[in-house]
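Take a look at the structure below.
The values are calculated or read from the model by the stated rules, or taken from the named source; none is laboratory data. Since this is a predicted model, take the numbers as computed values, not measurements. Virtual Cβ from ideal backbone geometry, glycine too; neighbours counted across all protein chains shown.
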């Protein structure tokens, strides 16, 4: 391979005819007036444009800096970049230099798993350079040997050529009067078989594989796509998929670059939060081609009436007449859904054949089979066919011995052609398994070919595709097997698809540990399985099937035959189990009370839609949380209430304090504001179960949302109450002293539970409050059999003394996921000179708009929350622990600073000075702010519930034996 100089006045021979780098060089020269427009802001209403010459100039500036880091052709570069302009600049710098980029996404909420993933990728890719932002570097876990570079520092090292989008590119040193020793930048010339790109597969968990795509693969794919889609430089394309997905990089970025078209890019959250923005952007910018996963079509169909209503009210209309086609893939396309989409938006100029079902994989350079004849060629079918392959690609359907089957017969889809990956990097075993003996790539999909047109009918690989995202069965099963009520080795996660459904649904089969006659235990297990899936993956399983162990078909090696279980489900073999689970759920929720009145019926319909239950099964008295609602669902509920009842900004606390259809309807119909019924600190997050209730005290921010997901695991076990600080609601006066707060909570607890035994615990700041509550209850002669502290020592004054208003507000913003860890450390010094109102306004400007919406935060509510938290901090400054309670259980995680070992030995064990009996110290996963987060709550709840049972049972036995 060779490298050759380049400058803005005299381009090279396009970096070699078979190098991907020539795509950008050619676009910058021949299509200088086209470029990339980045749509910014929460609604994509702002934009910054980067012409192709500017993108090239910026990439060349970074190329120099990467070479200065010692990178040479074929070196690997992992890209951990969340902003699109930065990503594309570094991506092209790599291709221009012959380095091999590999996009990554972080594993959020689980530092241990994120560290393991990074360590795996570091080893897999032979020690790549990880390029990231300063903020994301601050969040990186420690990984020995991982080389990291910050893109902002690379920009500085690369000189002024690293211009940001929207700024005119400065002349490159090669075109200026540089010093004689200054070397001009060079562009690497690659061969067709050279590695161009690595794309990680297998999701965000597990040991990822790296798909190899060569320069020849990508260029062959571009030629085939462009010919099939008839794209030209006159087109305008739009993408909202993140760049770790191969379709975003190749279908939505390289393809328009290949033909010199204008391209638009928006962040995924812009569309996922409001699907109609997809069509509004197409309309506003006269987009001619775009790509979207199939799952978006369902929400767009549901939103069609909103467009008509807005237009009738004088709002913005839609003009889709410029749109030539939408490539739609990621999962099977339901014909009825696609036809409805075309019909709904035909009045706005959408063409009759504008929707193109398509097939592609990372291993095929994204889209490689297209159906431009939809829907005419698919009339009467449930699923659309995928059409015919691009030029150069061959497809066949084969039997288990890899022999081609005749048309119309079902077998494994296999592919061959110049755009097919040569395999998986540093993984000879996976590469060998992926290809047949005669060299065809095995897709793992089951299909048939009719008159040359491909139709998929299922998968031979064990995975589930929900809303276009691939989830691997073994990963779901491994997480669920950690639950204490689930038999290890007897969990199966597999897909099903209801007739006419827009996407696949997840089915979970488990063998429960509770005895057959333990109805409460079985219901708790079902709830725990459901909650774990929702919390981890963001969607709800369609069915949970508790089955005996002998109902799991196994191979001789013990592997569960998921396909056989799916076949049995879809043939009605589990209908009896499904009905028994539905009846059990209704009984455990207290029977069925029919909704009454318009508001109750509408709310029941909303609950039914959210929890995928028929409306007839929704009882007016069933709690939102008992039905399965998590903190992730509260935002959806607020939006549905706004859309269907016209009530904007439903307060989150109203959902917490009035969670049933009947309670919420009464508040909404009566116009009751939060707190209108008087302050009650107790928020009941789970009401079922006959064991001793657990009362959990809020952390220093005063709010109880942190306990919502934890409470899911107590369904049918014991009531779970959370204690919320006073002062959130209008007219409420915050506590004047620590003692007043404790006494208020003691009275509220006794109002709910007049006598012991009691179980109390507190998270962080709340640990000290729980200790004082236990003392007060014991002073009244009551039994307190469990006192828990979630990662807090008895002495909090020194920490409270460190927190002025600025630190408190910044920590509150970090606790609420409004800012990241690095910002929480850096911002106080920057904010402190500003007036308090401007400090808070600045924090909100930084925060993700979707998170502000989810938490119902604006400047007024955030100011009130920050002042309340600051007041609680002030109370803590005057707190000095004294006296004793019987014993404590201390759950310890990674502290805010220092090591876990020092934290335990020097701080937490000081609880021994304030108890009369030995304490227990239990190690739990996660950090101080994440121990109850999505990745750790399932493990934490198991430890907590086990310790509660042990402590309360032991206290009962001791008293039965005559000990006080």
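Of the residues making up the stretch 726-736, not a single one is modelled with pLDDT of 95 or more and within 40 Å of the chain's Cα centre (by Cα).
Among the residues of the stretch 319-326, none qualifies, meaning not one is at pLDDT below 90 and surrounded by 19 or more Cβ atoms within 10 Å (Cβ to Cβ). For the stretch 868-884, the criterion of being at pLDDT 90 or above, farther than 18 Å from residue 764 by Cα and not in a loop (DSSP other than H, G, I, E, B) is satisfied by no residue at all.
Going through the stretch 187-246 one residue at a time, which ones are in a helix (DSSP H, G or I) and free of Cβ contacts under 8 Å to residues at least 40 places away in the same chain? Result: 226, single match. Of all residues in the stretch 789-848, those that are surrounded by fewer than 14 Cβ atoms within 10 Å (Cβ to Cβ) and without any contact (Cβ under 8 Å) to a residue 24 or more places away in the chain total 9. Taking residue 672, is it modelled with pLDDT under 85, outside the structural domain of residue 716 (by TED's automatic domain parsing) and surrounded by 19 or more Cβ atoms within 10 Å (Cβ to Cβ)? For residue 672, the condition - modelled with pLDDT under 85, outside the structural domain of residue 716 (by TED's automatic domain parsing) and surrounded by 19 or more Cβ atoms within 10 Å (Cβ to Cβ) - is not met. Can you pull out the residues in the stretch 176-188 that are buried (at least 17 other Cβ atoms within 10 Å of the Cβ) and modelled with pLDDT under 90? Within the stretch 176-188, 185, 186 meet the criteria. Among the conditions (1) surrounded by fewer than 23 Cβ atoms within 10 Å (Cβ to Cβ); (2) touching a strand residue (DSSP E or B) at 6+ places or on another chain (Cβ under 6 Å), residue 359 misses just one, which is (1).
Of everything in the stretch 1-44, what is part of a strand (DSSP E or B) and at pLDDT 85 or above? Give them in sequence order.
Result: 35, 36, 37, 38, 39, 40.
Test residue 852 against the stated conditions and say whether it is part of a helix (DSSP H, G or I) and within 17 Å of residue 799 (Cα to Cα). Here the answer is no, as residue 852 does not meet what is asked. Looking across the stretch 317-343, the residues that are part of a strand (DSSP E or B) and over 16 Å from residue 287 (Cβ atoms) come down to 329, 334.
Residues that are assigned to a helix (DSSP H, G or I) and touching a helix residue (DSSP H, G or I) at 6+ places or on another chain (Cβ under 6 Å): does the stretch 546-559 have at least one? No, that holds for no residue.
Here is the figure for the stretch 406-443: residues that are without any contact (Cβ under 8 Å) to a residue 24 or more places away in the chain and either part of a loop (DSSP other than H, G, I, E, B) or in contact with a helix residue (DSSP H, G or I) (Cβ under 7 Å, 6 or more places away or on another chain) (or both) total 2.
Within the stretch 261-272, one or more residues are at negative phi, at pLDDT 95 or above and assigned to a loop (DSSP other than H, G, I, E, B). Of all residues in the stretch 682-710, those that are more than 19 Å from residue 519 (Cβ to Cβ) and out of contact with any helix residue (DSSP H, G or I) (no Cβ under 9 Å at 6 or more places or on another chain) total 1. The set of residues in the stretch 503-532 that are at pLDDT below 75 and surrounded by fewer than 22 Cβ atoms within 10 Å (Cβ to Cβ) comprises 514, 515, 516, 517.
For the stretch 344-393, the set of residues classified as out of contact with any helix residue (DSSP H, G or I) (no Cβ under 9 Å at 6 or more places or on another chain), farther than 30 Å from residue 195 by Cβ and assigned to a loop (DSSP other than H, G, I, E, B) consists of 373 only. For residue 859, state whether it is out of contact with any strand residue (DSSP E or B) (no Cβ under 6 Å at 6 or more places or on another chain), within 26 Å of residue 731 (Cα to Cα) and either in contact (Cβ under 8 Å) with a residue 12 or more places away in the chain or not assigned by TED's automatic domain parsing to the domain that holds residue 766 (or both). Yes, satisfied. Among the criteria (1) farther than 30 Å from residue 527 by Cβ; (2) touching a helix residue (DSSP H, G or I) at 6+ places or on another chain (Cβ under 7 Å); (3) buried (at least 17 other Cβ atoms within 10 Å of the Cβ), the one residue 907 does not fulfil is (2).
Counting only helices (runs of 4 or more DSSP H) wholly contained in the stretch 45-126, the ones carrying 2 or more residues that are surrounded by 24 or more Cβ atoms within 10 Å (Cβ to Cβ) occupy 52-68, 84-97. When 77, 107, 121 are checked against the criterion of being under 27 Å from residue 430 (Cα atoms) and out of contact with any strand residue (DSSP E or B) (no Cβ under 9 Å at 6 or more places or on another chain), 107 stands alone in meeting it.
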